[in-house]
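See below for the structure under consideration.
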Amino acid sequence: MNTWWHGLTLRNKLQIPTQLALLVVLTIAQLWIMKQFEVKMLHSAAQNAQGNAMQSFLALNGMMLNGSISQAESRSTFLKKMASQDDVIEFHLVRGKAVADAFGTGLPEENTGDEIDTAAIKSNVPQIKIRDGETHSIRVVVPIAAGQNMHGTNCLQCHVVPEATVLGAISLTV
């Protein structure tokens, strides 16, 4: 090996270590960039899911304002339509205690809460869970709290609760 190295030209003696160093550095850089891209992609997908959940709330809020929310059939149709969207794996609502106490337990699909739903309602912080497996998915649970100006609506006019009381949550898996 020593004889081989001494027999190389100066050009080759400079190129071989330089190219090996670049191979290592660029491989590490590519892996790091791919990881950063994956993180950005998951963050973007989670934000999109949160946006879809909030759009669902706004549609339900419109049903509340026009009085059709009290019709179980209308709510059930809405929930089925939301769950049947492309790329939506699962969609459900969870009624908070204040809503269940005031308006009853509602439909079965409004009471399928699990530990992630409970955590969102208790903390009033959106919960995001990424599932890896045969198919990757992101589950977002967005709590909905009563406020005087929730996207232009005063929730406290109909919900007799202290401001910031979590009324429920919207769970969406895409």
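The values are calculated or read from the model by the stated rules, or taken from the named source; none is laboratory data. Every value quoted in this text rests on a predicted model; they were computed, and no experiment measured them. We place every Cβ from the backbone using ideal geometry, glycine too, and count neighbours over all the protein chains shown. SASA here: full protein model, heavy atoms, side chains in, ligands and nucleic acids out. Shrake-Rupley method; radii C 1.70, N 1.55, O 1.52, S 1.80 Å.
Evaluate the stretch 102-121: report whether one residue or more is more than 15 Å from S171 (Cβ to Cβ) and surrounded by fewer than 13 Cβ atoms within 10 Å (Cβ to Cβ).
There is at least one residue in the stretch 102-121 that is more than 15 Å from S171 (Cβ to Cβ) and surrounded by fewer than 13 Cβ atoms within 10 Å (Cβ to Cβ).
Checked against (1) open to solvent by 50 Å² or more (accessible area, probe 1.4 Å); (2) at pLDDT below 90, M150 meets all criteria but (1).
Where the second residue is not in a strand (DSSP E or B) and the first is among the polar types (S, T, N, Q) and lies in the stretch 112-138, which pairs have Cβ atoms under 6 Å and are six or more apart or on separate chains? Correct list of pairs: Q127/I116; Q127/A119; Q127/A120; S137/I89.
Scanning the stretch 34-55 for residues that are among the aliphatic types (A, V, I, L, M) and open to solvent by 100 Å² or more (accessible area, probe 1.4 Å) returns M34, M41. For the stretch 30-48, state whether one or more residues are in contact (Cβ under 8 Å) with a residue 40 or more places away in the chain and closer than 29 Å to C158 by Cα. Checking the stretch 30-48: not a single residue is in contact (Cβ under 8 Å) with a residue 40 or more places away in the chain and closer than 29 Å to C158 by Cα. Pairing residues of the stretch 74-103 that are within 25 Å of E163 (Cβ to Cβ) with residues that are open to solvent by 30 Å² or more (accessible area, probe 1.4 Å), at Cβ distances under 6 Å and at least 6 apart in sequence or on separate chains, gives V94/G113; R95/G106; G96/I121; A98/V161; A98/T165. Exactly one condition in (1) in a helix (DSSP H, G or I); (2) loosely packed, with under 10 Cβ neighbours inside 10 Å is false for D86; which is it? The number of the failed condition is (1). Which condition breaks for G96 when tested against (1) open to solvent by 50 Å² or more (accessible area, probe 1.4 Å); (2) under 30 Å from T153 (Cα atoms); (3) within 21 Å of the chain's Cα centre (by Cα); (4) modelled with pLDDT of 85 or more? All conditions pass for G96, except number (1). Annotation: of all residues in the stretch 157-174 being open to solvent by 30 Å² or more (accessible area, probe 1.4 Å) and aliphatic (A, V, I, L, M), the one that is nearest to K97 (Cα to Cα) is V161. The condition (being under 15 Å from Q50 (Cα atoms) and touching a strand residue (DSSP E or B) at 6+ places or on another chain (Cβ under 9 Å)) is satisfied by just one residue among N111, N124, N61: N124.
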